[in-house]
Amino acid sequence: MSIGRTKEQYQQEIAAFDSMIRKLVPYYDRMIDVLVSIIPFPADERFDVMDLGCGTGAVSSAIAGQFPNAEFTCVDMSENMLRMAEVKLGVPITSIQADFNTFEFPRKYDLIVSSLALHHLVTDGDKLAFYEKIFSALKPGGQFINIDVVLAANDTLQDTYHEELKSFMAEHITREELDRDWIPKYGSVDYPVSMTMHLDMMKSCGFKDIDIVYKYYKFAVYTGSK
């Protein structure tokens, strides 16, 4: 753990970050529950999980709660997020600080998960290349499950998606904070693509049993296996 931060300080940071994401992302806990519910392994089985863009470890900790013998490798650009994930899980994990644009999987995994991370890859080519890496890093029979932001099929629907998100956020944060801090960020660091494009990319990489298991406007949970 980094010098100067206690476990209690990390727990306070985790609580603040987790509280904020639930104000910005509709039904975030529901999406995590859906992700965990479709993991295709017995509850007592030991299997290897990679969490891409782990943040504070919300997804990994939810998995650990249902699969106590799972072993975790967590990847994030932020060292601070990795430390938070370690604290939240409360079990030994392998931490990798890395940028998705240059990240190479160190080995193969039974389950690869990600949450609200892959849409930060800038180009369609970047996304396709990363799907190829994910597929290659899965063991035979392995599963990939992703929670992410997606574009609508057309501009009219996209406007509806955007207004729905603004309405949700306005229920939890002030209009001033919404207009000043959050709305300007959309489009500046986010590069989502349509759900159809995600599925086409996964199919082209060799994924099978591809499915959308949850969708609420611009947020989706989808999966594929090797």
Residue match in the stretch 127-145 (condition: open to solvent by 30 Å² or more (accessible area, probe 1.4 Å), at pLDDT below 95 and in a helix (DSSP H, G or I)): no
Failed item in (1) farther than 21 Å from F67 by Cβ; (2) at pLDDT 95 or above, with Q12 passing the rest: (2)
Qualifying residue in the stretch 210-223 (condition: surrounded by fewer than 19 Cβ atoms within 10 Å (Cβ to Cβ), part of a helix (DSSP H, G or I) and of a type in the set (F, W, Y)): no
Complete set of residues in the stretch 187-214 that are of a type in the set (D, E, K, R) and more than 12 Å from N146 (Cβ to Cβ): D190, D200, K203, K208, D209
Conditions (1) within 23 Å of G125 (Cβ to Cβ); (2) at pLDDT below 95; (3) not small (G, A, S): number failed by D148: (2)
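The values are calculated or read from the model by the stated rules, or taken from the named source; none is laboratory data. Note that the coordinates shown come from a computational prediction; the quantities given were computed from them, not determined experimentally. All Cβ positions, glycine included, derive from the backbone under ideal geometry; neighbour counts span all protein chains shown. The accessibility values were calculated without ligands, DNA or RNA, using every heavy atom of the protein model including side chains. Shrake-Rupley method; radii C 1.70, N 1.55, O 1.52, S 1.80 Å.
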